[in-house]
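As structure tokens, the structure follows; a few thoughts come after it.
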Amino acid sequence: MEPRRSTRFFIFSVATCRESVRTSFVKPEKIVVFTGAGVSAESGLNTFRDSGGLWENFRIEDVATPEAWARDPQLVLDFYNLRRKALESVEPNPAHFAIAELEKEHEVVVITQNVDDLHERGGSSNIIHLHGSLLEVKSSIDPTYKIPYPKEGLSLDHRCPRGGRMRPDIVWFGEAVENFEIAIEQLQQADKVLVIGTSLSVYPAAGLVHEAPAHAEKTIIALDLDFIPDDYRFIHGTAGEQVPKLASKWLEKG
Ligand code: APR
């Protein structure tokens, strides 16, 4: 984990567009929404950096690295089984729903660092996960072998057909980010970029904000940020309050 350097493809520190019936004369645009933990905070999922350096009482290096998996796989599974369980008791919030609403008039691509499925449940149809997903587990020797996250939780006894241990389908620190090239391509085509609830401190994902074209309208919604990238307008506030406001403006006049 290091701040803002290193190779593009490895995590460190710390479409289809739905055709819709148009009901107004809003000019359809391509909106790329880039989200982090803050968009799910009001659903009840804690962000990492707002919880004092611990993630749900665990140290990141003990649970979210390949080294942690090699050292103490049971601790890693305990952590992710809790995260997976927590998904069952949360619901999308107004921010997730408002992002999905934008599809009524616009082509919308959601690029998320989150491993929850709240964008999916909020109704978004074109979602790119950069850091994996809590909905599946994969083989530690063949990452293309994936199955749904077991209802009873993942255990050390779960194995792939080749005998490899199954692990969470999560991109750990030090591992290659998924779908990164696709995400760059999407951002480069954006008319509007909306960044929500990310501290922009985990790379390479955070670097994506610089991929938007010069002419794109760029906005960031968050509670606080250490820095605001050039050309971005910062809206201070909660996602649940600010995203629906902005989305309804964009649906009224594009
Ligand atoms: N509404 C909007 N923004 C919020 C809210 C909210 N209700 N609550 C918190 N935030 C903001 C915080 O101010 C902060 O800027 O969300 C951001 C959360 O930052 P992080 O916890 O660092 O989350 P994120 O940027 O998604 O982390 C990136 O780090 O933990 C790893 O791999 C994990 O994908 C994750 C990555």
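Based on Cβ point charges of +1 for Lys and Arg and -1 for Asp and Glu, what charge dipole magnitude is obtained for the chain about its Cα centre, in debye rounded to the nearest 20? Walk me through the intermediate numbers first.
Values: 28 positive and 38 negative charges, 48 e Å.
Dipole of the chain, to the nearest 20 debye: 220 debye.
Computed across segment 157-251, the Kirkwood hydrodynamic radius from all distinct Cα-Cα pairs reaches 15.6 Å. Translational diffusion of segment 39-99, estimated by Stokes-Einstein from the Kirkwood radius over alpha carbon pairs at 4 °C in a medium of 1.567 mPa s, is 101 µm² per second. The trypsin sites (Lys or Arg not before Pro) of segment 27-115 that meet both conditions, a loop assignment by DSSP and at most 14 other Cβ atoms within 10 Å of the site Cβ, are ARG59.
Once the Cβ-Cβ distance between HIS236 and ILE141 is put in as r, and R0 is 51 Å, what FRET efficiency do you end up with, to the nearest 0.05?
Working: r = 46 Å, r/R0 = 0.90.
Efficiency at R0 = 51 Å is approximately 0.65.
Under 1.5 on a/c is rounded, so check that first for segment 165-212, then, if it is not, pick prolate when a/b is larger than b/c and oblate when it is not; a ≥ b ≥ c are the square roots of the alpha carbon gyration tensor eigenvalues. It comes out prolate by the Cα gyration axes. Heavy-atom accessible area for LEU187, with the other protein chains in place and a 1.4 Å probe, reaches approximately 0 Å². Surface composition of the chain: carbon plus sulfur atoms hold 52% of the accessible area, using a 1.4 angstrom probe and ignoring ligands, DNA and RNA.
With every protein chain present, what is the per residue accessible area of the chain (1.4 Å probe, Å²)?
Per-residue value: 47 Å².
Can you tally the net charge around THR219? Count Lys and Arg as +1, Asp and Glu as -1, for every other residue whose Cβ sits under 9 Å from the Cβ of THR219. Write down the numbers at each step before the final one.
Details: positive: LYS192, LYS218, ARG233; negative: GLU217.
Once all neighbours under 9 Å are counted, the net charge is +2.
Computed across segment 121-188, the Kirkwood radius stands at 13.4 Å (inverse of mean 1/r, all Cα pairs). Taking Lys and Arg as +1 and Asp and Glu as -1, the other residues whose beta-carbon sits under 15 Å from that of HIS158 total +2.
Dividing the helix sum by the residues of the chain, where each DSSP H run of 4 or more adds -39500 (n - 2.57), gives a mean residue ellipticity at 222 nm of -7000 deg cm²/dmol.
So which trypsin sites (Lys or Arg not before Pro) in segment 147-227 pass both tests, a DSSP loop state and at most 12 other Cβ atoms within 10 Å of the Cβ? Let's see the in-between values first.
Numbers: sites: LYS151, ARG159, ARG162, ARG165, LYS192, LYS218; in loops: LYS151, ARG162.
Here the sparse-neighbourhood loop sites are LYS151, ARG162.
The reciprocal of the average 1/r between distinct C-alpha atoms defines the Kirkwood hydrodynamic radius, which for the chain equals 18.8 Å. Sorting PHE58, PHE97 by accessible area puts them as PHE97, PHE58; the probe is 1.4 Å, largest comes first, and only protein heavy atoms count.
Could you tell me the relative contact order of segment 130-254? Use alpha-carbon pairs under 8 Å, at least six residues apart, and round to a whole percent.
Reported as a whole number, the value is 18 percent.
Secondary structure note: in the chain, about 30% of the DSSP beta bridges are antiparallel.
Starting from segment 61-135, pick out the GluC sites (Glu not before Pro) whose DSSP state is loop and whose Cβ has at most 14 other Cβ atoms within 10 Å. Here the GluC sites (Glu not before Pro) that fit, given the DSSP loop and packing criteria, are GLU88.
The values are calculated or read from the model by the stated rules, or taken from the named source; none is laboratory data. None of the values given here were measured: they were computed from a predicted structure. With ideal geometry, Cβ positions are generated from the backbone for all residues, glycine too; neighbour counts draw on all protein chains shown. Side chains included, ligands, DNA and RNA excluded: accessible areas come from the protein's heavy atoms. Shrake-Rupley method; radii C 1.70, N 1.55, O 1.52, S 1.80 Å.
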